[in-house]
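Below is one structure, written out as structure tokens, with a few remarks after it.
What follows draws every value from the coordinates through simple rules; no lab data is involved. Owing to the predicted nature of the structure, the values given are computational and were not obtained by experimental measurement. Glycine gets a Cβ as well: all are built from the backbone with ideal geometry, and neighbour counts include every protein chain shown.
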Amino acid sequence: MKVLAPPDPLNRDDPKSVDPLSPSEWRLMRCIWEHGPSTPSQVAEYLGLGLHPKSAGILLARLVSKGFLEFRRAHIPVPGRPLQKSPLRGRPTHVYSALVTFEDSLRAQLQSFLEAHEVDAESCRGVLAEFLTEPSQRTTLKKSG
């Protein structure tokens, strides 16, 4: 049986086709990057948005299919439940881990944005420098008109 490798979310062979992350997916990835390997319940708790663990699990599974995360099956001890003779004790769950770093993901997303909008990186250097300053120093977008 042939085992397929997970997709490369950063598509290093073709940087123009980076698989973009939605804002919700970015929040989930930030949880994994900041807290390390986590279960859907832990991610839902870290986010503190009232997200149900099953919903978090569905979103995390989507990130696995996109190649940003991997998972392993684990068993979480259940308080008050006697240990079983089986080596698999407790409630089964998945523990998700990042396959890509925050820096690599951010770099690829920025590169994808610049290419999609046909923006030369050099021409936006000043805007990026301004954006990276203190929030009170930023200028607000003004409507032309």
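What the table below lists for this structure:
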| read-out | value |
| --- | --- |
| Other-chain or far-sequence residues with amide H under 5 Å of L99's (modelled H) | L69, E70 |
| Sequence ranges 120-130, 48-58, ranked by mean other-Cβ count within 10 angstrom, highest first | 48-58, 120-130 |
| Protection-proxy order for peptides 30-41, 108-119, each taking the mean of Cβ atoms within 10 Å per residue, highest first | 30-41, 108-119 |
| Residues L69, L59 arranged by fewest to most Cβ contacts within 10 Å | L59, L69 |
